[in-house]
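Take a look at the structure below.
The values are calculated or read from the model by the stated rules, or taken from the named source; none is laboratory data. Just so you know, these numbers come straight off a predicted model, no measurement behind them. A quick note on method: Cβ atoms are made from the backbone with ideal geometry, for glycine too, and the neighbour counts reach across all protein chains shown. Side chains included, ligands, DNA and RNA excluded: accessible areas come from the protein's heavy atoms. Shrake-Rupley method; radii C 1.70, N 1.55, O 1.52, S 1.80 Å.
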Amino acid sequence: MKQRYENNIHPFITMMDRISDIVLILEVIPGPEFIYEFINERGKQILGLDETILGRRFEDIYTPERADYIRDKYMEVMTTKQHAQFELVGEGGWIGETTLNPILNEENDITHVLSITRDVTDRKSLEDDLAKTSAELGLVWDHASDAIFFMNEDGSIYRVNRAFEEMLGYKEKEIKGVLIPPFFTGHHQEKHEAFLARLFDGQSFENMERQRKRKDGSIIEVLASYRPVKLNNRSYAIVMYKDITHLKEVEKQAREREERFKSLFDANPDIIWAIDKTGRVENVNGAVTDVLGYTKEEMLQLDRKHLMNYTEEQKIRYEDVVKRTLKGESVEYTADMFHKKGNKVELKIKTLPIRVNGETIGIYEVGQDMTQRNRAERALKKMAFTDSLTGLPNRRHITEKIDEIIADAKENQREFAILYIDMDHFKEINDSFGHDAGDDLLKLFANRIRNEMNEDQLVARLGGDEFLVLLPEISGEADAVNKAGEVLNVLSKPYRISGQQLDVTSSMGISIYPRHGKNKRELIKQADEALYSAKDNGKNMLRLYGK
């Protein structure tokens, strides 16, 4: 049986080991305490942990400070029963963004916490670089100043302003009257004379990019403008140097920033699409091919609503999301899209307003593929409420269901019955034919009970060869006894196991609400006592409690 259990969870483990995120599953026990139940291969690689953490607590693994920090986040989930996110910094500057997902049972109690951590180191670094570039860009424009000087017809310097002295490092007295200014680079006398002739002949030269040498020998980039002027009947040229050294550097950084953003946009594993105010898709990243199967070109041609197949209610909800985002709000919502092949893809989508000069001109939508994660959560819930051998509901499932039926029966003044079934001499069969044969017999036994029930009646395996049947509506003792007799009769027919015929009998106890108990503990106890009364009186029979 252990091997079959391991086989059932093997696909889940394989799937978790193949994803790039760190996946941890922790069981919540009274206290509360959080016990590690599962860690995937990515988690072992990044966190430097192994299977020895299973069954242990935070305090057993981390320093007290780190354990307290992590525990506080898990307690937040226990308090709010909502997702929680936080960041953890590891060795070497590694940064992980962790999402804690509560897994609740039918009583709305948290039984497990699913932790998924994504490596956001590169993203954080890129965000820091973008912030730095923006700061530098603002600094350059806010504090830029122009150097201004006058030049004689022979090209010598006549006057300079303070900004010139600060920019090039020369005082006016050091260069006044100098024919070939020392801040020129790559000077060519013939070309210089031709330039002066054109300039003093009345031609202006605007915004020419040039290199100039400062007094300290450093080279700066300037945007140079030359205009001929007349002062006191003398010809001069007024020259303006705009130091664009920083601007050039900023342009370079801006190009790098644009390339980084493009890389972030294109290489992001989540779908990112940009829509204008009318809802038309203007751009989409390459993840659309991985997640939805469409090329970028196909996506731009498609109506986005076609991919979602909205109901009228969902359409209204989405329109509200768009309105709120265009007002500057970031909104999260979930939606089902359809892959090009037709299968459903479950997405968690976050909207971000696109702002230009303070105006919202469109929306970015970032869609994270939650299909596998949601499937894993559903699988965990199913594992928690299903018997791995027979596929029937387990003890937890049926006891919670009994509580629901009690509430309904009390409100509507109805009766219902519980059948407690036990196979006679199962241990001897197991010992004689082996556990595999015993497992096969249990599955056949369970199927026979299940086949006798309608869709409202519930069969569960409590463990071993014990089964519980819930008959939610009966019309008196006779109705319950008749149904129990039909089940007992079916169970007594021969079984074929490993080529051999086995004659197996079973015993059954019956309790009825509210005659034999008003809560599940009493009802199950009375049905159990009736079962043992049947066994004590020769087996292969049923007993109603108290008779």
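Quick notes
- Within region 516-525, the set of residues being touching a residue at least 24 places away in the same chain (Cβ under 8 Å) and either part of a helix (DSSP H, G or I) or crowded, with 16+ Cβ neighbours inside 10 Å (or both) comprises His516, Lys520, Leu523, Ile524.
- Top-ranked residue in region 62-77 [being touching a residue at least 24 places away in the same chain (Cβ under 8 Å) and in contact with a helix residue (DSSP H, G or I) (Cβ under 9 Å, 6 or more places away or on another chain); ranked as least open to solvent (accessible area, probe 1.4 Å)]: Tyr74
- The residues of region 315-342 that are part of a helix (DSSP H, G or I), in contact with a Lys or Arg (Cβ under 9 Å, 6 or more places away or on another chain) and either closer than 23 Å to Lys296 by Cβ or of a type in the set (D, E, K, R) (or both), listed by number, are Lys315, Tyr318, Val322.
- When Ile512 is tested against (1) closer than 21 Å to Ile449 by Cα; (2) open to solvent by 20 Å² or more (accessible area, probe 1.4 Å), just one condition goes unmet, and that condition is (2).
Residue by residue, here is whether (1) open to solvent by 50 Å² or more (accessible area, probe 1.4 Å); (2) among the hydrophobic types (A, V, I, L, M, F, W, C); (3) modelled with pLDDT of 90 or more; (4) under 27 Å from Glu27 (Cα atoms) holds:
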{"position": "Asp50", "(1), (2), (3), (4)": "yes, no, no, yes"}
{"position": "Gly90", "(1), (2), (3), (4)": "no, no, no, yes"}
{"position": "Asn101", "(1), (2), (3), (4)": "no, no, yes, yes"}
{"position": "Leu104", "(1), (2), (3), (4)": "no, yes, yes, yes"}
{"position": "Ile110", "(1), (2), (3), (4)": "no, yes, yes, yes"}
{"position": "Ser115", "(1), (2), (3), (4)": "no, no, yes, yes"}
{"position": "Trp141", "(1), (2), (3), (4)": "yes, yes, no, no"}
{"position": "Phe149", "(1), (2), (3), (4)": "no, yes, no, no"}
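- Cβ-Cβ contacts under 6 Å between residues 6 or more apart (or on different chains), taken from a first residue in region 409-432 that is over 23 Å from Met453 (Cα atoms) to a second residue that is aliphatic (A, V, I, L, M) and buried (at least 17 other Cβ atoms within 10 Å of the Cβ), are absent.
- Residues that are surrounded by 15 or more Cβ atoms within 10 Å (Cβ to Cβ), without any contact (Cβ under 8 Å) to a residue 40 or more places away in the chain and either aliphatic (A, V, I, L, M) or outside any strand (DSSP E or B) (or both), drawn from region 199-232: Leu199, Leu223, Ala224
- For the residues Tyr62, Tyr74, Tyr69, the requirement of being farther than 16 Å from Arg118 by Cα, at pLDDT 85 or above and within 19 Å of the chain's Cα centre (by Cα) singles out Tyr74.
- With respect to (1) open to solvent by 70 Å² or more (accessible area, probe 1.4 Å); (2) assigned to a strand (DSSP E or B); (3) among the hydrophobic types (A, V, I, L, M, F, W, C), the lone exception for Leu347 is condition (1).
- Some residue of region 446-458 being in contact with a helix residue (DSSP H, G or I) (Cβ under 8 Å, 6 or more places away or on another chain) and either closer than 26 Å to Asn108 by Cβ or buried (at least 21 other Cβ atoms within 10 Å of the Cβ) (or both): yes
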